[in-house]
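See below for the structure under consideration.
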Amino acid sequence: QNAKAATQQQQQALTEQQLAELYQKESVALLDKIPTWSDETVAKQEMEGVNEYLLTMGYSKEEIASVLDHRAVAIARDAMLYRKQKSNIEIAKKKVVKKPKVMKPGKGKANNDAASEQSKAKLKRLKKTGSVKDAASVIRDIL
């Protein structure tokens, strides 16, 4: 039994060593795949987001903690960022309440046209009446 226990301990130690080597190898590969994670604050923030996203997708905390493959982590991160971007677009669409007015093609009526029509009417009234008030109104429009 002692020999059996010693053999199991050796196998467990070997397995732990292999697991540690695999974890180190996958960590390096993950940093190669996602270079922004070399900054600890960015990595921590995004990993929290990935964990929350995976929890909402139905994964348990144990399943998330057991993921070692850098490819799976990168895919989960991409999915999280995609969902985040998609929700930001939907929020932005809701913020656009009033759409801009669409202009019809063709020559539009300028503001100057309305003013010139008024001045023409005043000039016509001046010709008709010859009054000083009408003359003053026409002169004010010219200046």
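Here are a few things to note about the model shown:
- Accessible surface of the chain, 1.4 Å probe: 56 percent of it comes from carbon and sulfur atoms.
- Accessible area per residue in Å² at 1.4 Å probe, computed on the chain: 89 Å²
- Simple spin-label estimate for K104 and Q8 in nanometres, 7 Å along Cα-Cβ: 8.9 nm
- Length, then width, then depth: along the principal axes, the Cα atoms of the chain run 129, 28, 26 Å.
- With a simple spin-label model that places each label point 7 Å from the Cα along the Cα-to-Cβ direction, the separation between E90 and M47 comes to 2.9 nm.
- The chain: angle of helix 132-142 to the longest principal axis, Cα-based, in degrees nearest 10: 40 degrees
- Top of K104, K44, K93 by mean-square fluctuation, Gaussian network on the chain, Cα under 10 Å: K104
- Modelled spin-label separation between I75 and Q118, with each label point placed 7 Å from Cα along the Cα-to-Cβ direction: 7.0 nm.
The values are calculated or read from the model by the stated rules, or taken from the named source; none is laboratory data. All figures in this text were calculated on a predicted structure; none of them were measured in a lab. Positions of Cβ are generated from backbone atoms using ideal geometry, with glycine treated the same way; all protein chains shown enter the neighbour counts. These area figures cover heavy atoms from the full protein model, side chains too; ligands, DNA and RNA do not enter into them. Shrake-Rupley method; radii C 1.70, N 1.55, O 1.52, S 1.80 Å.
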